[in-house]
Amino acid sequence: ANIRRYKFNVVMKNMTKLCSTKPIVTINGKFPGPTLYAREDDNVIVNLTNNVNYNVTIHWHGVKQLRTGWSDGPAYITQCPVQPGGTFVYNFTLTGQRGTLLWHAHISWLRATVHGAIVILPKRGVPYPFPRPHTERIIVFGEWWNSDVEAVISQSTQSGLPPNISDAHTINGLTGQVPGCKSRGYTLHVETGKKYLLRIINAAVNDELFFKIAGHNLTVVEVDATYIKPFDTETLFLGPGQTTNAILTANHPQGNFLMTISPFMDTVVPVNNVTATAFLRYKDTRTQALKSSKIPPVNATSIALGFSDSLRSLNSPDYPTNVPLKVDHSLFFAIGVGVNPCATCINGTKTIADINNVSFVMPTVAMLQAHYFNKSEGVFTDDFPGKPSTPFNYTGGLSNLRTENGTKVYRLEFNATVQVIIQGTSVIAPESHPTHLHGSNFFVIGKGLGNFDPLKDTKKFNLVDPVERNTVSVPTAGWTAIRFIADNPGVWFFHCHLEVHTSWGLKMAFLVEDGNGSNEKLPPPPSDLPIC
Ligand code: C2O
């Protein structure tokens with residue numbers, strides 16, 4: 001294994017999109033930010049210097065951070081933010097991981113502009129478990145606001161009103177053609193007969209997205225940096241934080257083809273419906289005209305559900321799937337969006353979001369430090385409820401609006417096996433939630449619509465080849481069942497990866513205790529860990 005060193009300089013940079021220019025927070029002046037390349041088992045060292053007037057942290061989304069929780073990055077969970085003028089060295093090893101992941105800022109809404117790809121190649125000499133592509137391309141989806149993103153969320157927090165929706169989507173930083181503005185889209189250049197491994201990342205802030213290339217099917221081979229049984233599809237579906245590797249076969253003699261992302265609108269909260277466009281262009285194509293511009297209309301809900309139904313882990317001798325068969329902690333998380341009274345807010349109420357009626361409040365010091373130094377008193381408590389205090393009809397419309405604020409963790413002993421039924425509720429609106437766990441991957445053993453039925457649904461769990469992920473979509477007015485092993489001591493954030501829902505409190509943390517063995521403990525913090 002090698003050491004891969006990167007310098008991340010946080011700087012402001014002027015960017016023009018949709019005919020207007022504004023300064024944004026970037027890493028090294030790039031949007032999307034620099035790609036981090038490594039191989040499985042490599043040690044990655046990133047020297048971060050903060051040269052902007054915001055507090056910053058970086059999260060390596062999907063990196064397991066085995067016993068390196070200090071480098072995980074979520075602000076006030078594992079670290080205090082790096083303050084203006086400050087530095088911090090992120091140091092972690094990509095143990096047993098290869099594939100595509102992403103890194104992003106993990107404080108407030110900075111990840112709108114501060115994100116990039118992580119490409120982890122297999123160990124030298126180890127092939128992919130699918131036909132070797134000729135070459136690889138990275139495709140990053142994003143979301144763009146004309147106004148300052150930090151102002152968007154702070155206005156919303158103060159007013160109690162939902163934040164403004166974004167003004168556009170982007171593919172590799174470009175919005176595509178917008179009437180009245182001189183803007184081009186990203187162009188993917190290909191040659192007839194070649195195979196391209198597309199490393200696709202949804203780094204959008206609040207939208208689940210469909211991706212399509214006119215006239216081409218894609219073969220999906222990997223999601224969230226785990227291999228799956230390959231399957232062909234016209235449309236990919238990715239929630240924020242999710243990644244998908246797919247093989248594109250350039251099988252047309254020539255031409256230009258439209259490539260689009262469009263949001264999944266399953267919610268009463270308006271989503272930005274601007275479809276971002278990009279182009280697939282074959283070598284030696286003389287014309288600018290599109291060979292095929294027709295993106296067939298999609299039945300969004302059935303495609304979103306069908307896509308995740310197609311995901312099965314590879315489960316081969318080289319990449320076995322080891323789902324825990326016994327469960328030590330069986331949890332039920334009812335998640336959703338509601339309203340609470342708010343005296344200072346415009347309507348006297350504010351939108352909140354919760355898990356089991358607890359809307360999570362960020363502490364002002366880092367929880368991992370508080371835990372490590374036995375100073376959690378006054379910072380957090382370990383009474384996070386493993387099920388709702390009163391069961392109710394989760395998908396039956398308005399009910400159960402009572403929510404408390406709290407900073408609570410759910411405590412797990414080292415190596416405990418955990419099952420969580422994540423039940424979407426329709427307290428205000430039925431919505432799908434891309435739900436993300438830090439510190440471990442999980443197996444997605446089941447999913448369904450309506451209320452989870454323990455008698456019927458448990459029998460249908462897939463314990464043979466469920467997909468392994470770090471972020472999973474909980475369907476609209478439905479549920480998803482996951483299992484994981486708590487083999488990584490630390491404090492691990494669990495939250496909806498729609499940043500608007502995270503801001504409203506749809507988050508909690510698992511505290512995983514140390515084991516007894518010498519390599520079952522969280523080592524002491526690095527000496528440069530920022531203080532709050
Ligand atoms: Cu990609 Cu806690 O986030």
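The values are calculated or read from the model by the stated rules, or taken from the named source; none is laboratory data. Note that the structure is predicted; figures quoted are calculated from it, not measured. Note: ideal-geometry Cβ built from the backbone for every residue, glycine included; neighbour counts use all protein chains shown.
A few comments on the model shown:
- Qualifying residues in the range 415-430 (those that are assigned to a strand (DSSP E or B), within 21 Å of the chain's Cα centre (by Cα) and not aliphatic (A, V, I, L, M)) - the one surrounded by the most Cβ atoms within 10 Å (Cβ to Cβ): Gly424
- Number of residues in the range 433-451 that are part of a loop (DSSP other than H, G, I, E, B) and surrounded by fewer than 24 Cβ atoms within 10 Å (Cβ to Cβ) equals 4.
- Any hit, the range 158-167, residues being outside any strand (DSSP E or B) and of a type in the set (A, V, I, L, M): yes
- Residues that are touching a strand residue (DSSP E or B) at 6+ places or on another chain (Cβ under 9 Å), modelled with pLDDT under 95 and not β-branched (Val, Ile, Thr), drawn from the range 16-38: Lys17, Leu18
- Exclusive hit being in contact with a Pro (Cβ under 6 Å, 6 or more places away or on another chain), closer than 17 Å to Val491 by Cα and surrounded by fewer than 22 Cβ atoms within 10 Å (Cβ to Cβ), set Thr364, Thr381, Thr407: Thr407
- A count restricted to the range 91-125 and to residues that are at positive phi, under 21 Å from the mean Cα position of the chain (by Cα) and part of a loop (DSSP other than H, G, I, E, B) stands at 2.
- Only residues that are over 30 Å from Ser440 (Cα atoms) and in a loop (DSSP other than H, G, I, E, B) were counted across the range 184-224, and they come to 11.
- Of all residues in the range 225-238, exactly one satisfies the criterion of being in a loop (DSSP other than H, G, I, E, B) and either more than 16 Å from the ligand (Cβ to nearest atom) or assigned by TED's automatic domain parsing to the domain that holds Ala38 (or both), namely Glu234.
- Answer residue from the range 239-265, given it is within 16 Å of the chain's Cα centre (by Cα) and in a strand (DSSP E or B) and is farthest from Thr170 (Cα to Cα) among those: Asn245
- Residue match in the range 461-476 (condition: within 16 Å of the ligand (Cβ to nearest atom), closer than 19 Å to Cys496 by Cβ and touching a Pro at 6+ places or on another chain (Cβ under 6 Å)): yes
- Of all the criteria given as (1) of a type in the set (Phe, Trp, Tyr); (2) within 30 Å of Pro524 (Cβ to Cβ); (3) at pLDDT below 95, the one not satisfied by Phe380 is (3).
- Condition check for Tyr6: touching a residue at least 24 places away in the same chain (Cβ under 8 Å) and crowded, with 16+ Cβ neighbours inside 10 Å: yes
- Screening the range 316-370 for strands (runs of 3 or more DSSP E) wholly inside it with 1 or more residues that are at pLDDT below 95 returns the ranges 329-341, 349-355.
- In the range 283-307, residue modelled with the highest pLDDT [restricted to those that are of a type in the set (S, T, N, Q) and within 26 Å of Lys195 (Cα to Cα)]: Thr285
- Of everything in the range 484-502 that is of a type outside the set (Val, Ile, Thr) and closer than 18 Å to Asn357 by Cβ, the residue that is farthest from the ligand (Cβ to nearest atom) is His501.
- Boolean, Leu101 is away from the ligand (no atom under 14 Å from the Cβ) and crowded, with 22+ Cβ neighbours inside 10 Å: no
- Filtering the range 198-224 to residues that are within 16 Å of the chain's Cα centre (by Cα), farther than 14 Å from Ile139 by Cα and more than 16 Å from the ligand (Cβ to nearest atom) leaves only Glu222.
- Test: Ala481 is in a helix (DSSP H, G or I) and either buried (at least 20 other Cβ atoms within 10 Å of the Cβ) or away from the ligand (no atom under 16 Å from the Cβ) (or both): no
Residues checked against (1) in the same structural domain as Trp70 (by TED's automatic domain parsing); (2) more than 30 Å from Phe373 (Cα to Cα); (3) at pLDDT below 95; (4) small (Gly, Ala, Ser):
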{"position": "Asn451", "(1), (2), (3), (4)": "no, yes, no, no"}
{"position": "Pro466", "(1), (2), (3), (4)": "no, yes, no, no"}
{"position": "Ala477", "(1), (2), (3), (4)": "no, yes, yes, yes"}
{"position": "Phe493", "(1), (2), (3), (4)": "no, no, no, no"}
{"position": "Val500", "(1), (2), (3), (4)": "no, yes, yes, no"}
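- Out of Ile107, Ile45, Ile58, one residue alone is farther than 28 Å from Ala246 by Cα, within 16 Å of the ligand (Cβ to nearest atom) and either modelled with pLDDT under 95 or among the β-branched types (Val, Ile, Thr) (or both). It is Ile107.
- When Asn451 is tested against (1) in contact (Cβ under 8 Å) with a residue 60 or more places away in the chain; (2) in contact with a Ser or Thr (Cβ under 6 Å, 6 or more places away or on another chain), exactly one condition is not met: (1).
- Being assigned to a loop (DSSP other than H, G, I, E, B) and surrounded by 23 or more Cβ atoms within 10 Å (Cβ to Cβ) is a condition met by at least one residue of the range 495-503.
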